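The block underneath contains the structure these notes are about, expressed in structure tokens.
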Amino acid sequence: MAVTVKLFPTLQNLSKSKLETFELDWHEGLTAKEILEDEGFNERDQEAVLAVINDEQSQLDTPIADGDAVELRINMQGG
């Protein structure tokens, strides 16, 4: 089956695919971290990314289930 992925504009512009939204084949153990790596983001880049799975903030290493919707956003912090 498939997972729907949405990259927010800054990530989209820096990604390999340059796509805002795309589907990818699901497999056991899929995580947002793996998606980011496939899109060309290194470990340091990933520190600034927030994963939202099915409208819930998640960790990059949270397993993604078949049919999930994943949004990858820049993690904004302020003081």
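Count of segment 1-14 residues, restricted to those that are open to solvent by less than 80 Å² (accessible area, probe 1.4 Å) and within 19 Å of ALA65 (Cβ to Cβ), is 5. The listed residues are ARG73, ARG44, and the only one of them that is basic (Lys, Arg) and either at positive phi or out of contact with any helix residue (DSSP H, G or I) (no Cβ under 9 Å at 6 or more places or on another chain) (or both) turns out to be ARG44. Taking each residue of segment 28-46 that is hydrophobic (A, V, I, L, M, F, W, C) and looking for partners that are surrounded by fewer than 18 Cβ atoms within 10 Å (Cβ to Cβ) and assigned to a helix (DSSP H, G or I) with beta-carbon atoms closer than 9 Å, six or more apart or interchain, yields ALA32/GLN46; LEU36/ASP45; LEU36/GLN46; PHE41/LEU14. Out of all the residues in segment 15-51, which are crowded, with 16+ Cβ neighbours inside 10 Å, of a type in the set (A, V, I, L, M) and under 20 Å from MET1 (Cβ atoms)? Correct list: LEU24, LEU30, ALA32, ILE35, ALA51. Take ASP38 and decide whether it is on the phi > 0 side of the Ramachandran plot and acidic (Asp, Glu). Spelling it out, it is not the case that ASP38 is on the phi > 0 side of the Ramachandran plot and acidic (Asp, Glu). Residue-level check: of (1) over 15 Å from PHE8 (Cα atoms); (2) at pLDDT 95 or above, VAL49 misses just (1).
The values are calculated or read from the model by the stated rules, or taken from the named source; none is laboratory data. Since the model is a prediction, treat every value here as computed from it, not as a measurement. Positions of Cβ are backbone-derived with ideal geometry, glycine not excepted, and every protein chain shown enters the neighbour counts. Just the protein is used for accessible areas: all its heavy atoms, side chains included, with ligands, DNA and RNA removed. Shrake-Rupley method; radii C 1.70, N 1.55, O 1.52, S 1.80 Å.
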